[in-house]
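One structure is given here, and the rest of the page talks about it.
The values are calculated or read from the model by the stated rules, or taken from the named source; none is laboratory data. A quick note: this is a predicted structure, and the numbers were derived from the prediction, not measured. Every residue, glycine as well, gets a Cβ built from its backbone with ideal geometry; the counts of neighbours run over all protein chains shown. Side chains included, ligands, DNA and RNA excluded: accessible areas come from the protein's heavy atoms. Shrake-Rupley method; radii C 1.70, N 1.55, O 1.52, S 1.80 Å.
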Amino acid sequence: MRSLRLFFSDEACTSGQLVVASRESQYKVLHFHHGGLDKLSEVFQQWKYCTETNLKDQVSEERTCMQFSIRRPKLQSSEAHPEESAHHRLDVAAWLRHLNELGQVEEEYKLRKAIFFGGIDGSIRGEVWPFLLRCYSPESTSEEREELRLRRRREYAHIQQRRLSMPPEEHRTFWRNVQFTVDKDVVRTDRSNQFFRGEDNPNVESMRRILLNYAVYNPAVGYSQGMSDLVAPLLAEVLDEADTFWCFVGLMQNTIFISSPRDEDMEKQLLYLRELLRLTHLRFYQHLVSLGEDGLQMLFCHRWLLLCFKREFSEAEALRIWEACWAHYQTDYFHLFICVAIIAIYGDDVIEQQLATDQMLLHFGNLAMHMNGELVLHKARSLLHQFRLRPQIPCSLHDLCKLCGPGMWDSGPIPAVECTGEHPASESCPYGGMVDAPSPQPPRDGKRGAKTTREGFSFRR
């Protein structure tokens, strides 16, 4: 055994997971859903004391194979965002207060702020989500939205008719490239959800039509495995097939939260994430650097970005994270602060045990569906607040707030820009940054790893 770890998932520290790792990086995870883990913790702490006493005279290499650690889901009050408890979940009454007599959204920034901190009540998600996904303009009236909705219904019907009336040869190509994969994926997506449960469920067929029609509407993107994971929650909340289709279009077009399956898009996300880690969690960043190119690719977080944390948290927690990201409050890249929060809370063992790239994949993979989503959200909001207060930022993170409306520094001092010095020698820093201290660089003496192909960045299970 290399290590034994307890991860508490509740504030009372009674439930959670016991994770046993072998020297060959094989994991056994025991889940304690109804308490008792605190008692086991006491036993293991006594065992740790006895083990350390017996291993005093052994060499350090043998001793490190018996590590025991406890991870408690706790965020110090001094770390919390100062407005953390100032906002409640957006319910029907609060939503109606944001609409004027014409149905236009007033004080949109305050609405997005409320959603960022408090989330949206499930009963009105189907009405509010189209605004967050930019299907509707906040300035539109109720009458204008109804007209737009009817026009889009006709357009959706036309897209579906185009698909159903394909010539035989075109249909065979479409079936081979798109429909074959969609048909396999939809029947195994969210089947534990009552909305999609059972044989011959019409909602599964609706999801299938949405995905097929989207591939016709946007052939450049088509369909990639994992898109069904994004459509399913939309359909379960919005309920209407045509409305869900246009929400999905908005999701794919208007949010950086979804990384498109292209090398340059993923690399941009990873560049920002590496720089955020360098600023906020230097020890973890240095561990990645020590692993070379493979470590800096951060393969353990690709699924987080491509599937929007859908496989990492329960559905209720994942939807709260989606809403916080869709709110675009002070940054379009809040999902990257979510990534840093996960690493900050659950990544200490990676550093302590000096886990290799494949072991990091196993470590974070075993935590999927067993992390505390609310704690991660609180930590991510805290990290965003701390980033906003920094007196200077590297020029590599200057665009983190470029696309959103009211930005991160609209109120308060604008930080100085520190040039990372990574521009071509003939070019000056595009943001006017001054070279201060260069960022730690990955080792250059070894060969670079093989470039990840497009296939490596598609939506995959």
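Nothing charged except the Cβ atoms of Lys and Arg (+1) and of Asp and Glu (-1): what's the magnitude of the dipole of region 251-389 about its Cα centre? Round to the nearest 20 debye. Mind showing how you got there, number by number?
Values: 12 positive and 17 negative charges, 73 e Å.
Dipole of region 251-389, to the nearest 20 debye: 340 debye.
If you stretched the chain out fully between Glu106 and Leu389, how much longer would it get, using 0.36 nm times the residue separation minus the C-alpha to C-alpha distance? Don't jump to the answer; show the numbers that get you there.
Working: separation 283, 0.36 × 283 = 101.88 nm, distance 2.84 nm.
Contour length minus Cα-Cα distance gives 99.0 nm.
Treat every Asp and Glu Cβ in region 115-191 as -1 and every Lys and Arg Cβ as +1, leave all other atoms uncharged, and give the resulting dipole magnitude about the Cα centre to the nearest 20 debye. Each step should come with its number before you reach the end.
Numbers: 15 positive and 13 negative charges, 85 e Å.
The dipole of region 115-191 has a size of about 400 debye.
Computing the accessible area with a 1.4 Å probe over protein heavy atoms, can you report the carbon and sulfur percentage for region 226-317? Walk me through the numbers before you get to the answer.
On the way: 1290 of 2640 Å².
Carbon and sulfur together cover 49 percent of it.
Hey, how many Å between the Cα centroid of region 227-251 and the Cα centroid of region 197-218?
Taking the Cα centre of region 197-218 as reference, the centre of region 227-251 is 10 Å away.
Would you mind checking Lys184/Lys268; Lys268/Lys379; Lys310/Lys379 for any pair whose Cα atoms are more than 28 angstrom apart?
Check vs 28 Å cut-off fails for Lys184/Lys268.
May I ask you to give the solvent-accessible area per residue for region 289-339, in square angstrom, as obtained with a 1.4 angstrom probe? Intermediate results must be reported in sequence, preceding the final value.
On the way: 980 Å² over 51 residues.
Normalised by residue count, the accessible surface of region 289-339 is 19 Å².
For region 80-165, state which GluC sites (Glu not before Pro) are in a DSSP loop and have at most 16 other beta carbons lying within 10 Å of their beta carbon. Mind showing how you got there, number by number?
On the way: sites: Glu83, Glu84, Glu101, Glu106, Glu107, Glu108, Glu127, Glu139, Glu143, Glu144, Glu146, Glu147, Glu155; in loops: Glu83, Glu84, Glu101, Glu106, Glu107, Glu139.
Hits after loop and neighbour filter: Glu83, Glu84, Glu101, Glu106, Glu107, Glu139.
Name the trypsin sites (Lys or Arg not before Pro) in region 300-349 that are in a loop by DSSP and that have at most 15 other C-beta atoms within 10 Å, would you?
Numbers: sites: Arg303, Lys310, Arg311, Arg320; in loops: Lys310, Arg311.
Qualifying residues, ordered by number: none.
Write out the chymotrypsin sites (Phe, Trp or Tyr not before Pro) in region 111-204 meeting two conditions: DSSP loop, and at most 12 other Cβ atoms within 10 Å of their Cβ. Mind showing how you got there, number by number?
Numbers: sites: Phe116, Phe117, Phe131, Tyr136, Tyr156, Phe174, Trp175, Phe180, Phe195, Phe196; in loops: Tyr136.
The qualifying sites: there are none.
Please work out how much length the chain gains when fully extended from Glu144 to Ser314, using 0.36 nm per residue of separation minus the C-alpha to C-alpha distance, in nm with one decimal.
Working: separation 170, 0.36 × 170 = 61.20 nm, distance 3.62 nm.
Full extension from Glu144 to Ser314 adds 57.6 nm.
Let's see if you can work this out: charge +1 on each Lys and Arg Cβ, -1 on each Asp and Glu Cβ, no other charges. What is the dipole magnitude of region 292-333 about its Cα centre, in debye to the nearest 20? Write down the numbers at each step before the final one.
Values: 4 positive and 7 negative charges, 25 e Å.
Taking the Cα centre of region 292-333 as origin, the dipole is about 120 debye.
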